[in-house]
1. Just for segment 103-123: of the residues that are crowded, with 18+ Cβ neighbours inside 10 Å and modelled with pLDDT of 90 or more, which one is nearest to Ser90 (Cα to Cα)?
2. Tally up the residues in segment 4-46 that are more than 16 Å from Gly145 (Cβ to Cβ) and under 21 Å from the mean Cα position of the chain (by Cα), please.
3. Identify the single condition in (1) surrounded by 14 or more Cβ atoms within 10 Å (Cβ to Cβ); (2) more than 17 Å from Gly36 (Cβ to Cβ); (3) of a type outside the set (Phe, Trp, Tyr) that Pro130 does not satisfy, given that it satisfies every other one.
4. Got a sec? Which of Arg33, Arg9 is of a type in the set (Lys, Arg), at pLDDT 85 or above, assigned to a helix (DSSP H, G or I) and surrounded by 16 or more Cβ atoms within 10 Å (Cβ to Cβ)?
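The values are calculated or read from the model by the stated rules, or taken from the named source; none is laboratory data. Note that the structure is a prediction, hence the values are computed from the model and not measured. Note that each Cβ is placed from the backbone with ideal geometry, even for glycine, and that neighbours are counted across all protein chains shown.
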Amino acid sequence: MSALTAERRRRAVVRILQREAISTQEELLCALRAEGLRATQATLSRDLSRLGVRRASRPGGGTFYELGEEAAEVNAALSRLVASVAANGSTVVVRTRPGSAPAVARAIDLAGIREILGTIAGDDTIFVAPATARCARSVASQLSGLFGVSADAGRPGRRERPGAESVRTGRGRRPRLQEGEENGGEAR
């Protein structure tokens, strides 16, 4: 088993525990299988230990697994880097803080979401390639849940400078220049 497979499995465990109250390792193994990942109980037990997962008591009785502080901190840190997730009919776009796209794209790749073929990261934008065009909205929903942001099911929008107005031209939108600003040496 490769280190990449182990990392994908651990990221999936973190994702599952963030969205579901899992009471037993068997439930967790079933959730992993549903995501296309296989593990033995012994391997899962080692993963839980490595991730710092602990058992917590439910108010009404019983127990469930909860993430340790380190795993929760890593996911919280990644979540702070993601500004938005949007999908159109065939592509998912994740917007991040400047310079953060490569790290977030790597986290998406390691998450092991079966519906994702891969990612391409720029400085603050990630293009996510869904396995099929039909699953783009599902991928956007999963990513928004992973990073704790709402998914925009519309066309991925272009962010503008705060406070900047834009005007519609025949070629799309462009920032409205303030009086005295120049564009290509010509005042507008």
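1. Looking at the filtered set, the residue picked out is Ile116.
2. Selection size over segment 4-46: 12.
3. (2)
4. That would be Arg9, the only listed residue that is of a type in the set (Lys, Arg), at pLDDT 85 or above, assigned to a helix (DSSP H, G or I) and surrounded by 16 or more Cβ atoms within 10 Å (Cβ to Cβ).
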